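Okay, structure first, notes after.
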Amino acid sequence: MSKQLLNEVKKRRTFGIISHPDAGKTTLTEKLLLFGGAINMAGAVKSRKADRHATSDWMAIEQERGISVTTSVMKFTYRDFEVNLLDTPGHQDFSEDTYRVLTAVDSAIMVIDSAKGVESQTQKLMEVCRMRNTPIITFINKLDREGLSPLDVLAEIEEKLQIECTPLSWPIGMGKSFKGVYNLYQKRLHLFTPGQETRSAQGITIDSLDDPKLDELLGRQADELREDIELLDGAANPFEYDHYLSASQTPVFFGSAVNNFGVRELLDAFVEMAPPPSPRQTQTRMVEPTEEEFSGFVFKIQANMNPAHRDRIAFFRICSGQFTRGMKVKHHRLGKDISLSNATIFMAQERANVEEAWPGDIIGLHNHGTIKIGDTFTTKEELKFTGIPNFAPEHFRRVLLKNPLKMKQLQKGLVQLAEEGAIQVFRPMIGSDYVMGAVGVLQFEVTMARLKNEYGVDAVYEPVDYQAARWIHCDDKKKLAEFERKNQDALAHDAEGFLTFLSSSEWMINYHKEKWPEIEFMKTRENV
Ligand code: G4P
């Protein structure tokens, strides 16, 4: 293996931030980018803050797609590390998209509001991380406000998220009496000065907690800190690197993102601890990032990022080898060679042409409808990365076209939006309507708005009596034909042509499962 490849792999960190809306993800992202020199002005990321707004605001913001998209992958350099931060949509209705983005990261940072503790969306995202054992570092935010006691927050994380906590820093007071944090592994005190955004201080080294300097600096809170640390020594779990890597333990930091306090410590610990690009599973074998042969997969597609160009970008995670501009790769699903000539790399505020890229990097590929989520490209060996699924939708609507002459455009719009994974589209075997399926209902409204804006199609939707869907598989062709014949009214094809069973209840699905034991009813489907 080449030395350069090994070095490039070692210095890459590809991660996402998970949090409940309002916990401080945008603020933290911005501070991290400031440290990385990727932006030079506070406020630059704010416009992206779509997650917590009402639907109408969300769409208005989403329409300024230039902003939301250039920030969906943010690359920056910090110390000797090349960091790729992938944005995860925070709104719960986009959890499917979030899941797929998290398939492309090697670790995550979890942000928790110290006053609110563990909230619902954090819990859901944590479940997603657990499915892949993604290592997580925790940042407890907003210490400048009155919140829960640090021990209570840790207890809540352990109980609700079922992950062991190991504090690596400890807060001194909170709210008005917040004095700073004590870094437990560097044995350094960091004093807090509100509003001081460009702290350069390295912290004050306090080798022993008996040091009278502590009393000078903290007054009566020095004894509180001593008591806390004594308590922690006895009760807290010691940090075990392997446990962090296997996602059974999360190191915890405290701070205040808006005051840029504790962020540099977090970032330093992150680059030092977080794993470099990890091996990835394919249908046939594990692929190591240090393999010379280039490989990777598409985890996200975004259409019409630039309305003036009507382009579609496929987000591709490099899993092994080196990418060079113009290289030829095999598109295995189509069995074709394609040339990756105008790939883009995403910086915080701009896109730039990329000449070379390495495992862990995300490149944007121009897509004219030939690339789908889950597609694998390699230079030689036929491989297929696994674990990038479609999830069976839980909500359904029938699409009604206002102007029947626009049928072609409707078809095109729905198929393209389905390729993006924004929505799933089904064509029932009986009738000529389209049925949309989604994991969250906000997706329907966004789809209608995008059909109108991007495809000029005026459509509405109405309720339809489906509550659940399963993809159908059966190796026995005769049985499958019989099943199809007898259940025509409940069967549809999705945008990729896969047979799907649409049902009015889970109960009905179970009933059919028992009745047709040879038929597989699948909750997830991977593109093949
Ligand atoms: P999100 O992306 O997770 O949704 O959260 P975001 O960063 O937008 O932060 C949500 C709110 O919390 C913002 O206030 C932000 O300024 C505030 N915030 C973030 N970190 C801290 C912190 O350490 N301490 C305190 N006290 N507040 C913090 P906002 O009023 O909703 O928005 P804005 O007017 O400040 O933009």
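The values are calculated or read from the model by the stated rules, or taken from the named source; none is laboratory data. The shown structure was predicted, so the numbers you read here are calculated from the model rather than taken from an experiment. Neighbour counts run over all protein chains shown; Cβ positions are idealised from the backbone, glycine included.
The figures follow:
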read-out	value
Matching residues, segment 114-134, being in a helix (DSSP H, G or I) and either surrounded by fewer than 16 Cβ atoms within 10 Å (Cβ to Cβ) or out of contact with any Gly (no Cβ under 8 Å at 6 or more places or on another chain) (or both)	Ser120, Thr122, Gln123, Lys124, Leu125, Met126, Glu127, Val128, Cys129, Arg130, Met131
Test: Ala469 is out of contact with any helix residue (DSSP H, G or I) (no Cβ under 8 Å at 6 or more places or on another chain) and surrounded by 15 or more Cβ atoms within 10 Å (Cβ to Cβ)	yes
Residue list for segment 221-269, filter: away from the ligand (no atom under 16 Å from the Cβ) and outside any helix (DSSP H, G or I)	Ala236, Asn237, Pro238, Phe239, Glu240, Ser246, Ala247, Ser248, Gln249, Thr250, Pro251
Set Asp361, Asp337: member being surrounded by 20 or more Cβ atoms within 10 Å (Cβ to Cβ) and on the phi < 0 side of the Ramachandran plot	Asp361
Glu146 vs. criteria touching a His at 6+ places or on another chain (Cβ under 7 Å), acidic (Asp, Glu) and within 14 Å of the ligand (Cβ to nearest atom)	no
So Val439, is it under 24 Å from His366 (Cα atoms) and of a type in the set (Val, Ile, Thr)	no
Hey, Glu164 more than 14 Å from the ligand (Cβ to nearest atom), under 18 Å from Asp22 (Cβ atoms) and either surrounded by fewer than 20 Cβ atoms within 10 Å (Cβ to Cβ) or not assigned by the TED database to the domain that holds Phe261 (or both) or not	no
Index of the failed condition, Val111 passing every other in (1) touching a Phe, Trp or Tyr at 6+ places or on another chain (Cβ under 8 Å); (2) farther than 16 Å from Val263 by Cα; (3) within 14 Å of the ligand (Cβ to nearest atom)	(2)
Set Met436, Met448: member being within 18 Å of Pro393 (Cβ to Cβ), assigned to a helix (DSSP H, G or I) and not acidic (Asp, Glu)	Met448
Sole exception among (1) within 16 Å of the ligand (Cβ to nearest atom); (2) at pLDDT 70 or above; (3) among the polar types (S, T, N, Q) for Gln92, by number	(2)
